[in-house]
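Down below is the structure, laid out as structure tokens.
The values are calculated or read from the model by the stated rules, or taken from the named source; none is laboratory data. Quick caveat: nothing in here was measured; it's all calculated off a predicted structure. Using ideal geometry, Cβ is built from the backbone for each residue, glycine included, and neighbour counts are taken over all protein chains shown.
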Amino acid sequence: MNTKRAKDFTKICTDGWLQGWHERNGGNLSYRMRTEEVEEIRNLLNEDAEYRDIDGQVPALANEYFMVTGSGKYMRNVSLDFEDSVAVIHLNEDGSKYKIVYGLVNGGRPTSELSSHLMNLEVLKRRDDGLRVVYHAHPANTIALTFVLPLDEEVFTRELWEMLMECAVVFPQGVGLVEWTVPGGKEIGLKTAEIMKSRNVAVWAHHGMFVCGHDFDEAFGLMQTVEKAAEILVKVMSITDRKRNTIPPQGFRDIAQTYDLEIDEKYLYEKNSDIIGER
Ligand code: 13P
Ligand code: ZN
């Protein structure tokens, strides 16, 4: 497929692969297509395909088209064989079924995380119609932190923010956490979508991360910023379990004022301990 969106979609898959976030078939990507983008490829679509059940229902996305990676497909192969790795799917009139109208030419089905992607995209559509990209990856440092930090969204967010000043600017709503849950179904999809109602990042403990964006660059940049902060924290924690210096709560209030951001005070609790991960 030779469209701008197909190229953007392919680029993030390659970029994520180059970051080391997509071992084997790890990670997946979805994009809620605009009407004019569907019209652009109308002659490539096979509307006779059969509808199949989605695990869950997304009525607000009824009759829409999505570009999604295939289950078991490798992100590193998207640039080499787009038609084999990616599908365009269409949802039926009540958002309970999908059909593959393009791609996955050698067989297969959309990502096993389709429920999570669609439930997230539905919540995001209600929140802001422009939020059309949902990206899942397995970045190692963020995953590592889910074994050692308390699975407390306030603590997790605060520790990341302190590592990289940019974090409070890039994800001022903070990071949501999903405790260990079996992936690939409705349950983890519902938990993630709950986070996406108000935030752009959901960390899945001991598994990976989901982010959203208005476009592919924004989603990729968000994933990279969280992971960079996590990498710095992993480095710090490999030296010591406590900080000698850090950005104080007032520092974040000043950042919020300078960049005209709304930062939730719940992340700016006064610490009684200098041990990383303790309040
Ligand atoms: P899929 O190959 O089905 O997309 O699964 C990869 C993954 O990361 C599951 O969480
Ligand atoms: Zn995964």
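Observations, loosely collected:
- Answer residue from the range 15-49, given it is more than 16 Å from ligand 1 (Cβ to nearest atom) and more than 23 Å from LYS99 (Cβ to Cβ) and is farthest from the chain's Cα centre (by Cα) among those: LEU18
- Only a single item in (1) more than 16 Å from ligand 2 (Cβ to nearest atom); (2) within 17 Å of the chain's Cα centre (by Cα); (3) farther than 28 Å from PHE66 by Cα is not met by VAL175, and it is number (3).
- Applying the condition of being closer than 18 Å to GLU39 by Cα and in contact (Cβ under 8 Å) with a residue 40 or more places away in the chain to the range 1-29 and asking which residue is surrounded by the most Cβ atoms within 10 Å (Cβ to Cβ) yields PHE9.
- Qualifying positions in the range 105-126 - over 19 Å from GLY213 (Cα atoms) and basic (Lys, Arg): ARG109
- Inter-residue pairs, beta-carbon under 7 Å, first farther than 19 Å from TRP17 by Cα and in the range 218-236, second among the acidic types (Asp, Glu), 6+ apart: LEU233/GLU159
- Those residues of the range 122-148 which are crowded, with 20+ Cβ neighbours inside 10 Å, within 27 Å of VAL234 (Cβ to Cβ) and out of contact with any Gly (no Cβ under 8 Å at 6 or more places or on another chain), in sequence order: VAL134, LEU145, THR146
- Scope the range 237-277; condition surrounded by 11 or more Cβ atoms within 10 Å (Cβ to Cβ), free of Cβ contacts under 8 Å to residues at least 60 places away in the same chain and within 29 Å of TRP21 (Cβ to Cβ); matching residues: THR240, ASP241
- Top-ranked residue of the range 62-81 - restricted to ones that are more than 14 Å from SER30 (Cα to Cα) and more than 16 Å from ligand 2 (Cβ to nearest atom), ranked as surrounded by the most Cβ atoms within 10 Å (Cβ to Cβ): ASN77
- Qualifying residue in the range 134-151 (condition: more than 16 Å from ligand 2 (Cβ to nearest atom) and among the polar types (S, T, N, Q)): no
- Leading residue by the ranking (farthest from GLN19 (Cα to Cα)) among those in the range 82-133 that are within 12 Å of ligand 1 (Cβ to nearest atom) and not in a loop (DSSP other than H, G, I, E, B): SER115
- The condition of being among the small types (Gly, Ala, Ser), modelled with pLDDT of 95 or more, more than 16 Å from ligand 1 (Cβ to nearest atom) and surrounded by 20 or more Cβ atoms within 10 Å (Cβ to Cβ) holds for only one of GLY213, GLY189, GLY208, that being GLY213.
- Tally, over the range 189-223, of residues that are within 15 Å of ligand 2 (Cβ to nearest atom) and of a type in the set (Ser, Thr, Tyr): 1
- Taken over the range 106-121, the criterion of being within 18 Å of ARG199 (Cβ to Cβ) and surrounded by fewer than 23 Cβ atoms within 10 Å (Cβ to Cβ) is satisfied by no residue.
- Residue check, ARG132 basic (Lys, Arg), closer than 15 Å to SER116 by Cα and in contact (Cβ under 8 Å) with a residue 60 or more places away in the chain: yes
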